[in-house]
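Derivation of every value follows stated rules applied to the coordinates shown; laboratory data play no part. Remember, it's a predicted structure, so these values are computed and weren't measured experimentally. Cβ sites come from the backbone with ideal geometry, for glycine too, and all protein chains shown count toward neighbours.
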Amino acid sequence: MRVLIPLALATALASPAAAQWRAVEKVETYAISGATGRELYDSIGERGPKLGPTRAIAHTNFKLTWQRRYVPKGGACTLVAARPKLVITYLVPKPAGPLPAAARARWETFIAGIEAHERVHGDMIKDLVHEIERVSVGLTAENDPGCTKVRADLQQRLAALSQAQRQRSRDFDRDEMSDGGNVHRLILGLIGGG
């Protein structure tokens, strides 16, 4: 049986933009010291990544670039393809040396929970990229032979999406770090207070 695929669909399927993308995820560490949970946590406070005036336990950062293809036709311009390249980097603490058995058990529970927390931030970033794809591909501006209007429209949409993702991330952190929240419990478990 032979199946005929329309030329436009065949071209789209063959293009790199139609291929599935996958985020590159990396874990980087910063060294901390201590032999007890309390000492490890104090070291995080001294050496953790600076976020504004405070230090964090861990941090998720990303670099996002795009390959976009705009096609002018009949005076209009359409964004026909948008292929992301996404690199997510998780920065987490790591003891510089071996830990005593009791501290090691507490540490393993703590760091597993912190890494899981940071991966949620990574998932939010991936969600953002999928949403950008959704609103980008097919975006058209009339009377735009130079494709400047469609680019300006896209930038406005991206700014709103970015703000929404940042707010979602802040809300998640607020819940996780509040009294009784997941990160709060992980800290108490590490230092022996819960």
Looking only at lysines whose Cα falls under 16 Å of K26's and that sit 8 or more positions away or on another chain, we get K63, K85, K94, K126
Roughly what angle does helix 37-47 make with the longest principal axis of the chain, taking Cα atoms, 0 to 90 degrees, to the nearest 10? 50 degrees
Which of S136, A103, P84, positive extreme of dipole for the range 83-160 (C-beta unit charges): A103
Scan around L139 for amide H atoms under 5 Å from its own, H built in the peptide plane at 1.01 Å from N, and keep only partners 5 or more places away or cross-chain. L79
Would you calculate the separation in nanometres between label points at M177 and K149, each defined as 7 Å from the Cα along the Cα-to-beta-carbon direction? 4.4 nm
For the range 58-194, shape from the Cα gyration tensor axes a ≥ b ≥ c, cut at a/c of 1.5 then a/b versus b/c, turns out prolate
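Does the range 77-122 classify as rounded, prolate or oblate by the C-alpha gyration tensor (a ≥ b ≥ c root eigenvalues; a/c under 1.5 gives rounded; else a/b over b/c gives prolate, otherwise oblate)?
Prolate.
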Give me the dipole magnitude in Debye, nearest 20, for the range 18-191 about the Cα centre, with unit charges on the beta carbon: positive for Lys and Arg, negative for Asp and Glu. 560 debye
Inter-part distance where the range 121-140 and the range 43-72 are each reduced to a Cα centre, Å: 18 Å
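Once the piece of chain linking T65 and A35 is laid out straight, how much longer is it, given 0.36 nm per residue of separation minus the C-alpha distance between them?
Value of the extension gain: 6.6 nm.
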Nearest 10, in degrees from 0 to 90: the angle of helix 101-136 to the longest Cα principal axis of the chain is 20 degrees
Output the relative contact order of the chain, whole-number percent, from Cα pairs under 8 angstrom with separation of 6+ residues. 24 percent
If the chain between E28 and Q156 were fully extended at 0.36 nm per residue, the gain over the current Cα-Cα distance would be 42.8 nm
Checked the range 117-191 with the C-alpha gyration tensor, a ≥ b ≥ c its square-rooted eigenvalues, rounded below a/c of 1.5, otherwise prolate if a/b is larger than b/c and oblate if not; verdict prolate
